[in-house]
Amino acid sequence: MKILFELLNCTSVSGDEEQIAALILKHIQERKDNWKVVPKVYSGENHHDCILLKFGDPRTAVFAHMDTIGFMARYANELIPIGGPEEIEGTKLVGSDSLGEIECALRVDENSLYHDFPRRIERGTPLSFKQNIRLTEEFIEAAYLDNRLGLYNALKLCETLENGWVVFTTYEEHGGGSMPFLLKFIQETAPIKQALISDITWVTSGVRHHEGVVISIRDKFIPRRKFLQKVVRLAELSDIPFQLEVEASGGSDGREIQFSPYAIDWCFIGAPEDRVHTPDEKVSLIDLEAMIQLYQYLLPRL
Amino acid sequence: MKILFELLNCTSVSGDEEQIAALILKHIQERKDNWKVVPKVYSGENHHDCILLKFGDPRTAVFAHMDTIGFMARYANELIPIGGPEEIEGTKLVGSDSLGEIECALRVDENSLYHDFPRRIERGTPLSFKQNIRLTEEFIEAAYLDNRLGLYNALKLCETLENGWVVFTTYEEHGGGSMPFLLKFIQETAPIKQALISDITWVTSGVRHHEGVVISIRDKFIPRRKFLQKVVRLAELSDIPFQLEVEASGGSDGREIQFSPYAIDWCFIGAPEDRVHTPDEKVSLIDLEAMIQLYQYLLPRL
Amino acid sequence: MKILFELLNCTSVSGDEEQIAALILKHIQERKDNWKVVPKVYSGENHHDCILLKFGDPRTAVFAHMDTIGFMARYANELIPIGGPEEIEGTKLVGSDSLGEIECALRVDENSLYHDFPRRIERGTPLSFKQNIRLTEEFIEAAYLDNRLGLYNALKLCETLENGWVVFTTYEEHGGGSMPFLLKFIQETAPIKQALISDITWVTSGVRHHEGVVISIRDKFIPRRKFLQKVVRLAELSDIPFQLEVEASGGSDGREIQFSPYAIDWCFIGAPEDRVHTPDEKVSLIDLEAMIQLYQYLLPRL
């Protein structure tokens, strides 16, 4: 899990994914010759900060977003959110501007957000939750399990994947924007008909810790029923524990597949967490293991 | 009107359009050799559940959505909406899951929706309004006139159409998602510059039963004025009764044409209904007839 | 500034940009042979009412929207907004329908908007703020500085531009819709990796009159940090006065670049105004001059 800890300790608020992309790319370059199939790697300015790996002859793509929620310094000592962070008084935030490292606390007032850093922070500086990783026998707790665990799952999948795309995306937490050019590149390079979203979802009244990885039947958007049924049938055959989610809200990189100019089926599959979008996101290790197993089971069979 | 009754009796909540697509495709295959021009038919997994018909040398495409609003079973006996159905206590709903047929009533409470079916319904099962078709001399009343009448109009148009695309779409009631890939296919196969949306709109303070088919000047989105004026001028020449609609909200498959990467003009033309998105949608037969006539008048002249 | 006054006196509510496009095209045709580089001009029905100018070998495109906010006549004497105009009782509005010229006042009631014109206005007629241009030594005040100043800046840039696209867009005030087909055309004709949005922004607690052109670090959407830093570093070298903006809301043609299927970096650069979306928009001439200078500085250097 060394790479997971490295991912958790790297910041990458939406729009500022340069460092995490470099970390993931370094990991790929160091490991890929030991993977079952050596992928073709696409990265660099033509893909902004995204990374695409093509293994063999793909039918399916797996997408994992690299960005996180956070805050941005506005004027005076005001902050505005990036994505949808929970706004909890006193939350520790970190970042840096040209004057140096920043560590401060979030101040929440009726209408606005502030920081308590003793000096002004340069306009536009992104701030992240201060990381605090807690690993027990049953759970991992940390900031940004959404979507460091999705990245970790994608990198684990790379070890054994024979055919498929594994794609690391940006901007998911703040409305998206990299998926359209990534999908165009994929469809023009080695087109696919199916996509899985490697991301983290919510513990709710119907989705619980320790009951397995979640296959999402819908969030705000609704994948095609025919494809969902194919995924669920395979999951049933796998004997890997899984739960079905039905939500009226929420979204993922799947949204941009739904609205893309390609007839690609998609499904969100990921472990559930509670304390979503706080520094204390919490995921069951059983569910994380089921997530990793299910991806490895599905990719050769879809 | 046999096909209209078949369409009305078939369920197809957004995301689950497989059956209605099969019904429409069967109708097309049985009839097309008797149409004025035999169209080229595009369907199958490359187009998901959508169907495209190419007649002659198209300048204009007509789009009719096959999906409907409805509900989806969540956890316990909870339901969540698909699209924007009216939430009326006691509304009869139907569907089926792996345990059998379902007929139940909608229960509306302050914050949530429930069903009263005696057993649990499988997660993710779509439910539709129970159908009840009432045909009088003046009106048709039923669930899902939106957009069974739009489909019916499109199929009537097929009988005499010489040049044009007729396209059956999915997901319109729930944010869309098939239009982008359909438009790409059309523009790469036999490109068009104009589109009409064969769909049903609202009776309002300015749009009334029996006053003709509606040409929509705007809903939430605004077609290009130059194209609207061309359509209205032709409608005036036709002597077919029509009404002009100006709304601040609402949307259709036209939205995705507006935001597509193609310079295609679009206009919504359809009969108005009241009791929108209830099981008792009501349309004047005069307005439906005007809709059918206006499409047949416009397509050769646009 | 003759062309600026002509632009300010021309109406072009979203969806009805035909006249302003003709005005701009006429100006281009009359002047282009005197510009440093004569651009290739793309306009006409294939581009709807948009205009694209290609200078030399482009790396960057500049986008300026031609449309404005306004109102549309609905039923009886009701009006509905186009884009987001401020709704101020008594505002003078102008337009025309087939019965002749219209000048009336806006009536604002709790739930609706009305006009006081003595006769009915034809359904779907667009109305604009009555123009009233006030030029002092320090300020320009008028309706529609957003985005007549952005157009003016783009046309000034044309005089000296050697390499780049200058593009005049439609529909920006009402959700967009021309950017997707414009971007596709650009990328298939002479592709670019960078875009600047020539538009007008807001005076706020952190952005003030006379303090220079605004470089926007974010509005509702967030450009890529790496590109923003490149733009800001160049602006610092230029010695042209500029201000950094950080907003949580608002949007521009940049939004559609963010969500396009092309990996194109974008940044909004424009003078700030107060009394936004009223007939009394107000911009500092110092800030306008800085805007014009910064575009001319950046384009050769980006």
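What to note about this one:
- Check on B:Glu30, under 28 Å from B:Glu256 (Cα atoms) and open to solvent by 60 Å² or more (accessible area, probe 1.4 Å): no
- Counted residues, region A:171-180 - those being open to solvent by 20 Å² or more (accessible area, probe 1.4 Å) and at the interface with another protein chain (Cβ under 7 Å from one of its Cβ atoms): 3
- Selection from region A:55-80 of residues that are within 19 Å of A:Thr189 (Cα to Cα) and over 19 Å from the mean Cα position of the chain (by Cα): A:Phe55, A:Gly56, A:Asp57, A:Pro58, A:Arg59
- The set of residues in region A:208-222 that are out of contact with any helix residue (DSSP H, G or I) (no Cβ under 7 Å at 6 or more places or on another chain) and closer than 16 Å to A:Leu196 by Cβ comprises A:Val214, A:Ser216, A:Arg218, A:Asp219.
- Scanning region C:61-98 for residues that are crowded, with 24+ Cβ neighbours inside 10 Å, over 23 Å from B:Ser205 (Cβ atoms) and not hydrophobic (A, V, I, L, M, F, W, C) gives C:His65, C:Asp67, C:Thr68.
- Residue within region C:8-16 that is in contact (Cβ under 8 Å) with a residue 60 or more places away in the chain, part of a strand (DSSP E or B) and open to solvent by 40 Å² or more (accessible area, probe 1.4 Å) present: no
- Output for region B:230-249, where each listed residue is more than 12 Å from chain C (Cβ to nearest Cβ) and either touching a helix residue (DSSP H, G or I) at 6+ places or on another chain (Cβ under 6 Å) or not aliphatic (A, V, I, L, M) (or both): B:Leu234, B:Ser238, B:Asp239, B:Ile240, B:Pro241
- Subset of region B:120-170 [among the polar types (S, T, N, Q) and either open to solvent by 10 Å² or more (accessible area, probe 1.4 Å) or under 18 Å from the mean Cα position of the chain (by Cα) (or both)]: B:Ser128, B:Gln131, B:Asn132, B:Thr136, B:Asn147, B:Asn153, B:Thr160, B:Asn163, B:Thr169, B:Thr170
- Among the residues listed as C:Phe117, C:Phe185, the single one being among the hydrophobic types (A, V, I, L, M, F, W, C) and not assigned by TED's automatic domain parsing to the domain that holds C:Leu294: C:Phe117
- Residue tally, condition more than 9 Å from every other protein chain (Cβ to nearest Cβ) and either closer than 19 Å to C:Phe181 by Cα or open to solvent by 10 Å² or more (accessible area, probe 1.4 Å) (or both), over region B:202-220: 7
- Scope region C:123-143; condition within 26 Å of C:Leu99 (Cα to Cα) and either of a type in the set (Val, Ile, Thr) or in contact with a Pro (Cβ under 9 Å, 6 or more places away or on another chain) (or both); matching residues: C:Thr125, C:Phe129, C:Lys130, C:Gln131, C:Asn132, C:Ala143
- Residue in region C:55-68 that is in a loop (DSSP other than H, G, I, E, B), outside the structural domain of C:Arg148 (by TED's automatic domain parsing) and among the small types (Gly, Ala, Ser) present: no
- Of all residues in region B:106-119, those satisfying the criterion of being away from chain A (no Cβ under 11 Å) and open to solvent by 20 Å² or more (accessible area, probe 1.4 Å) are B:Arg107, B:Val108, B:Asp109, B:Glu110, B:Asn111, B:Tyr114, B:Asp116, B:Phe117, B:Pro118, B:Arg119.
- Here B:Leu53 does not qualify as free of Cβ contacts under 8 Å to residues at least 60 places away in the same chain, surrounded by 24 or more Cβ atoms within 10 Å (Cβ to Cβ) and on the phi < 0 side of the Ramachandran plot.
- Residue list for region B:240-260, filter: under 19 Å from B:Pro180 (Cα atoms), open to solvent by 10 Å² or more (accessible area, probe 1.4 Å) and of a type in the set (Asp, Glu): B:Glu256
- Annotation note: of C:Leu237, C:Leu298, the sole residue that is open to solvent by 30 Å² or more (accessible area, probe 1.4 Å) and either more than 15 Å from the chain's Cα centre (by Cα) or touching a residue at least 12 places away in the same chain (Cβ under 8 Å) (or both) is C:Leu237.
- Residue check, B:Leu52 under 30 Å from B:Tyr262 (Cα atoms), part of a strand (DSSP E or B), under 23 Å from the mean Cα position of the chain (by Cα) and not hydroxyl-bearing (Ser, Thr, Tyr): yes
- Considering region B:30-55, and only residues there that are of a type outside the set (Lys, Arg) and over 30 Å from A:Ile192 (Cβ atoms), the residue that is farthest from the other protein chains (Cβ to nearest Cβ) turns out to be B:Asn34.
- For region A:69-88, the set of residues classified as touching a helix residue (DSSP H, G or I) at 6+ places or on another chain (Cβ under 7 Å) and either in a loop (DSSP other than H, G, I, E, B) or assigned by TED's automatic domain parsing to the domain that holds A:Glu173 (or both) consists of A:Ile69, A:Gly83, listed by residue number.
- Test: residue in region A:184-196 that is in contact (Cβ under 8 Å) with a residue 40 or more places away in the chain, crowded, with 22+ Cβ neighbours inside 10 Å, in contact with a strand residue (DSSP E or B) (Cβ under 8 Å, 6 or more places away or on another chain) and hydroxyl-bearing (Ser, Thr, Tyr): no
The values are calculated or read from the model by the stated rules, or taken from the named source; none is laboratory data. A quick note: this is a predicted structure, and the numbers were derived from the prediction, not measured. Positions of Cβ are backbone-derived with ideal geometry, glycine not excepted, and every protein chain shown enters the neighbour counts. Side chains included, ligands, DNA and RNA excluded: accessible areas come from the protein's heavy atoms. Shrake-Rupley method; radii C 1.70, N 1.55, O 1.52, S 1.80 Å.
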